[in-house]
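Okay, so here's the structure we're looking at.
The values are calculated or read from the model by the stated rules, or taken from the named source; none is laboratory data. This one's a predicted model, so the numbers in the text were calculated from it and none came from an experiment. Every residue, glycine as well, gets a Cβ built from its backbone with ideal geometry; the counts of neighbours run over all protein chains shown. When the accessible area is computed, the model is the full protein with side chains, heavy atoms only, and any ligands, DNA or RNA have been set aside. Shrake-Rupley method; radii C 1.70, N 1.55, O 1.52, S 1.80 Å.
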Amino acid sequence: MRISYYPLDRREELEGRGDILGVVGYGIEAAWRGRAPYVATALAPMGPPMYEVIAGGPAISVIREGVHYAHDGEWLFASVALAARDAMASVAAEAYGRILRVAEGEGYGYLIRAWQYFPDIHATDEGLERYRQFNRGRHRALEAYLARGGLRPAATCIGAPRGDLTLHVLARRVPGIAIENPRQVSAYRYPDIYGPRPPDFVRAMKVASAGREWLWISGTAAIVGHESQAPGDREAQARETFANLDALVACAGLGADRQVLAVKAYMRDPDDARLSWPRPWRTAPALTLRGDICRSELALEIEAVVAGGARGERR
């Protein structure tokens, strides 16, 4: 498994590769002609257009039920895009339902990581904020999946400026280990002040792959307990966000030789791209995107992939 960021001028090279499980485009208008599933997001990077590439072994690519997916025997990447103008709960349930049918049908029954982007995240839909409607639909789709032994994935949900609901996931044949943050209430246990259904995701998911332990960290913000911290103070929010990231890495027990492989930050205000980042987060390959955080009082959200050293080589 490899996660990399590439500029637009590498498109033809990427299109010809056979080891790519999925590609996500940020700020890119050019058509994708490769075999791998491609997610065309409306999120713009605070910099040049970029591709995010998730690669593995030789991949088989398939389209079924409007879901484009690829798998390599260990990992499955799947993506779907649905019109998101109205009835967000139904749209979310349909998107997750299709993804789950495809993933389970191919034998990749354990969701590890999910990303969802859609417009007007704070607008009202049938008397309820669209993000909260999304949570209703996601819960509806995951309820039966969890009952038959599935696991909540690590996840990110960000408001886009326009376009469809895009959902893309990584799944495996074997389960990961959910990691929660002792500084925070688990999202799926939030009180009902945040909506009729809580957000169904875990703070991070740890998996063993290729002789290493991998930690897929969900979109993480300045939340302690279940409450947003420091509204209006972006520097303070950044400090709380990194404290939460550090807590998750510590809870995962990856060892002192861990490495931050990739970081993705979502920010409402381009000026926030100048916020100071502590080590080791500031030295990792990073992509910063303009997007709306799921709570209107929060200015930024950060996700990451962290890997431990090779198993059996720690001291």
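So here's what we get for this one:
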quantity	calculated
Residue list for segment 249-276, restricted to those being open to solvent by 30 Å² or more (accessible area, probe 1.4 Å) and at pLDDT 90 or above	ALA250, CYS251, GLY253, ARG258, GLN259, LEU261, ARG268
Matching residues in segment 183-212 - criterion: being assigned to a strand (DSSP E or B) and either open to solvent by 40 Å² or more (accessible area, probe 1.4 Å) or closer than 16 Å to LEU151 by Cα (or both)	VAL202, ALA204, MET205, LYS206, VAL207, ALA208, ARG212
Unmet criterion (only one of (1) surrounded by 18 or more Cβ atoms within 10 Å (Cβ to Cβ); (2) in a loop (DSSP other than H, G, I, E, B)) for GLY149	(1)
Options GLU12, GLU65: the member that is of a type in the set (Asp, Glu) and at negative phi	GLU12
Residues being touching a strand residue (DSSP E or B) at 6+ places or on another chain (Cβ under 6 Å) and open to solvent by less than 10 Å² (accessible area, probe 1.4 Å) - total across segment 93-114	9
Filter result for the condition that a residue is more than 20 Å from ARG113 (Cα to Cα) and of a type in the set (Gly, Ala, Ser), over ALA55, ALA78, ALA30, ALA70	ALA30
Lone qualifier among GLU129, GLU143, GLU180 - being open to solvent by 10 Å² or more (accessible area, probe 1.4 Å) and touching a Ser or Thr at 6+ places or on another chain (Cβ under 6 Å)	GLU180
Matching residues in segment 115-126 - criterion: being on the phi < 0 side of the Ramachandran plot and open to solvent by 50 Å² or more (accessible area, probe 1.4 Å)	HIS122, THR124
ARG130 being modelled with pLDDT of 95 or more, within 28 Å of ALA210 (Cα to Cα) and basic (Lys, Arg)	no
Every pair of residues 6+ apart whose Cβ atoms lie under 9 Å, when the first sits in segment 79-93 and is on the phi > 0 side of the Ramachandran plot while the second is part of a strand (DSSP E or B) and modelled with pLDDT of 90 or more	ALA87/ASP125
Top-ranked residue of segment 213-231 - restricted to ones that are in contact (Cβ under 8 Å) with a residue 40 or more places away in the chain and not in a strand (DSSP E or B), ranked as nearest to the chain's Cα centre (by Cα)	ALA221
Residue in segment 277-295 that is surrounded by the fewest Cβ atoms within 10 Å (Cβ to Cβ), counting only those that are modelled with pLDDT of 95 or more and assigned to a loop (DSSP other than H, G, I, E, B)	ARG295
Pairs with Cβ under 7 Å, 6+ apart, first in segment 97-108 and within 18 Å of ALA147 (Cβ to Cβ), second open to solvent by 10 Å² or more (accessible area, probe 1.4 Å) and charged (D, E, K, R)	ARG101/GLU65
